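The structure under discussion appears below in the form of C-alpha cells.
The values are calculated or read from the model by the stated rules, or taken from the named source; none is laboratory data. Here the structure is a predicted model, which is why all the values come from computation and not from measurement. Note that we place each Cβ from the backbone using ideal geometry, even for glycine, and neighbour counts take in every protein chain shown.
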Amino acid sequence: MASAFGWFGPLIDLSAASFHIGDFVQLLVFVHRSFPVQCKSSKRGRDLTRTDIEVGDDTTTYFVVSLWQKHMASAVAAGDVVLLQNLKVAKYGGVVEARTVQWSSLLRLVHPYQSLLSNAVDELITGCRVGTTTKDKLRKVIKWVQQSRSTICNINLQSNKQIELLPRNWTVLEEEKPRDCFSLMEVSQLTASCKAIVCASIGEIVPLLTSRTVGDTKKEKIFISRRAYRAENNNLVDDLICTGCHLCGSPLDLKFEQNANQLMCWKNSSRLHSICSIYRPFMLYVWDESDYMPILVKNRAAEILFGNIKAGKVYSTYREQMRNQNLEVGKSLQLEEKHLPDKFNFYRVWLILLKMLLKQGKNGPLKFEIIVDPGLDIENGKFEMVSATMPCFGTK
Ligand SMILES: [Zn+2]
C-alpha cells in the first residue's frame, strides 16, 4: 500500500540525509529498535508520547526517525524492513534526524525479522509490490542486514527457531486492576497500595477543616446530615464548596490551609493550579455489616457522587438565588418567590441529591472504587474515593 499522498522527494541513502535538511525524502531502512519518548506539545503544553525508531541501511548503521502518529508506531517492530514515505529531514543540535508529518506513511516490506534470515533475497523482493528503484534499495538493505547481523542486530534470534511475534522492546504500563473486596473490613486490612472496589452505604459527610469548624466546637455542626434537613439549614454551600484547584482538588481559599504541598499542583505538568469553585475535600463515612470507614472525597470524586454536577454551577445558582431572595424581601414580602425561570437551578438539584444520599439507613449500598494507601493517615487519603456507582445485583 503506497502513500495516499504520493511521493514528496527522492528515495535516499541515509548517508545522504545531511544534504536534504528541510526537504521531504523517502527512506528504506532496517529497524534496530523503537522506544516511546515523552515530550510536550509546543502549542498546548500537553504531554505527548512520540515513538523514536533507530534505523539503519547499507550506508549508515544508525539513524533516528521520530514517529508522531500513533498508528505508525504500533505498526512497526524491531527487525522490520520498512519504507518510510514523505519524511522531513531536520537537524537538531548538530544531529541529523527525520520525522513524520501528517502526510507521511509507513510501509512494512519485510516482517518478521526471521524471514530476513531464512528466505532467499530474491524471494523476499519478488513479494514486494514496489518500483524498481525501491526494489534495488530493498535488495541492498536485506543483503546488508544478512551480512552484518552479528554486529548490527541486538535482536537475539536464531534463524532455525520459530518465533511468532517479536516482543516490543519496552513494557506498556497497564493500569492496575482494582481488587474486588468482599467487605470494608477486608479493605481496611489491605497492607499494600492498591485500588479496591467495595459495596458500602453512606452514613455521614464531614467537611475537612473549614473556617467554621475551626471555631466550632459543637459537633453536630460538622455533620452535614444533621443540617441538610433543617429549613434554615444552610451555609451548606459555604461549607462544601470553596475556591480551589479542580485538577488536584486542593482548597486554596483559607490562610490556614496553605502549606508547601499546596503551592504546586501535582496533577498539572506545569505545576500550576487551575483555580475555580470546587467541592471542598470531605470525609465520607461509609459502612457495611463488618465495619465503618472514613473515605476522603476530593473535588472530582464529589462531582461523581453529586450526579456529575460541578461545584461552580451549584455555587453560581446558589448565589443568584440568594440575591433574588434578598431583593424580594426588600421589595415586597407579598411577591412570590422568584424561581430563576431562565436557568436550570443546579443548587436545588444538588441539595436534593445531598439529602437523598444522607437518608441514613434508607438507601441501598453504592459500589465504591477506592485508592488505598496504607502509608497515609486517614485525613490525607489513606482511603480516597475514585468513583461511586449503583451496583447491579443479580448480574455479573
Ligand atoms: Zn492543583
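One line per residue, one yes/no per condition, for (1) crowded, with 21+ Cβ neighbours inside 10 Å; (2) under 32 Å from the mean Cα position of the chain (by Cα); (3) at pLDDT below 85:
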site	(1), (2), (3)
L83	yes, no, no
A90	no, yes, no
G93	no, yes, yes
R99	no, yes, no
Q102	no, yes, no
L107	no, yes, no
S118	no, no, yes
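The requirement of being within 17 Å of D57 (Cβ to Cβ) and either surrounded by 15 or more Cβ atoms within 10 Å (Cβ to Cβ) or modelled with pLDDT of 70 or more (or both) is fulfilled somewhere in segment 153-164, by at least one residue.
Taking segment 227-261 only, how many residues are at pLDDT below 80 and either in a loop (DSSP other than H, G, I, E, B) or surrounded by fewer than 15 Cβ atoms within 10 Å (Cβ to Cβ) (or both)? Quick ask: steps written out before the conclusion?
The initial filter retains those residues of segment 227-261 that are at pLDDT below 80, namely 227-235, 253-261.
Filter again for either in a loop (DSSP other than H, G, I, E, B) or surrounded by fewer than 15 Cβ atoms within 10 Å (Cβ to Cβ) (or both), leaving 229-235, 253-256, 258-261.
The total comes to 15.
Looking only at segment 347-396, residues that are free of Cβ contacts under 8 Å to residues at least 12 places away in the same chain and aromatic (F, W, Y) come to 1 in all.
Could you name every one of the helices (runs of 4 or more DSSP H) located completely within segment 262-369 that has at least 3 residues being more than 16 Å from the ligand (Cβ to nearest atom), at pLDDT 80 or above and over 19 Å from V206 (Cα atoms)? Talk me through it step by step, then tell me what you get.
Working: elements: 299-305, 311-331, 346-357.
Here the list reads 311-331, 346-357.
Are any of the residues in segment 199-220 modelled with pLDDT of 90 or more and farther than 14 Å from L357 by Cβ? Yes, the conditions are met somewhere in segment 199-220.
Only one of F30, F8 is more than 23 Å from the chain's Cα centre (by Cα), part of a loop (DSSP other than H, G, I, E, B) and either buried (at least 16 other Cβ atoms within 10 Å of the Cβ) or not assigned by TED's automatic domain parsing to the domain that holds V96 (or both). Can you tell me which? Break it down into steps so the answer makes sense when it comes.
Values: F30 fails: part of a loop (DSSP other than H, G, I, E, B).
Just a single option satisfies the conditions, and that option is F8.
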